[in-house]
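Only one structure is covered here, and it is reproduced in the block below.
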Amino acid sequence: MLKLVEIAKAWIAAANPTPEQKYIAEQRITTCNACPYKQQQKHLNIYTCGLCGCPLDKKIFSPLSGDKACPDKRWEI
């Protein structure tokens, strides 16, 4: 999947997630919260992935499977 398509789908899902997407996102953000690569961007008041730079509140809605969506392969789903 093209990276731009993945990003667009994640942003769309984040705006109006299905119950399944919400569940997956909750599992993923739990992993992100314990990850050493999680970075706070204080000037934007958001958290990002230190490996890919994506905002975590959108990244967790990636349509890719966990091992393909997380650049460090930490997500199981």
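The values are calculated or read from the model by the stated rules, or taken from the named source; none is laboratory data. Because the structure is predicted, anything quoted here is derived from the model rather than measured. In this analysis, Cβ positions are derived from the backbone assuming ideal geometry, glycine residues included, and neighbour counts consider all displayed protein chains.
Within the range 1-23, can you find the residues that are touching a residue at least 40 places away in the same chain (Cβ under 8 Å), of a type outside the set (S, T, N, Q) and over 21 Å from Gly53 (Cβ atoms)? Correct list: Pro17 only.
Among residues that are more than 17 Å from Cys70 (Cα to Cα) and exposed (fewer than 14 other Cβ atoms within 10 Å of the Cβ), Lys3 is not included. Does the range 40-77 hold any residues that are more than 18 Å from Gln21 (Cβ to Cβ), assigned to a loop (DSSP other than H, G, I, E, B) and in contact with a helix residue (DSSP H, G or I) (Cβ under 9 Å, 6 or more places away or on another chain), and which are they? Matches in the range 40-77: Cys52, Lys73, Arg74.
Tell me whether the range 6-29 contains one or more residues that are in a loop (DSSP other than H, G, I, E, B), at pLDDT 95 or above and aromatic (Phe, Trp, Tyr). No; the residues of the range 6-29 include none that is in a loop (DSSP other than H, G, I, E, B), at pLDDT 95 or above and aromatic (Phe, Trp, Tyr). Scoring Leu64 on the criteria (1) under 18 Å from Ala8 (Cβ atoms); (2) without any contact (Cβ under 8 Å) to a residue 12 or more places away in the chain; (3) not basic (Lys, Arg) leaves a single failure, condition (2).
Among the residues examined, Pro55 does not qualify as touching an Asp or Glu at 6+ places or on another chain (Cβ under 7 Å), surrounded by 14 or more Cβ atoms within 10 Å (Cβ to Cβ) and either closer than 20 Å to Leu4 by Cβ or touching a residue at least 60 places away in the same chain (Cβ under 8 Å) (or both).
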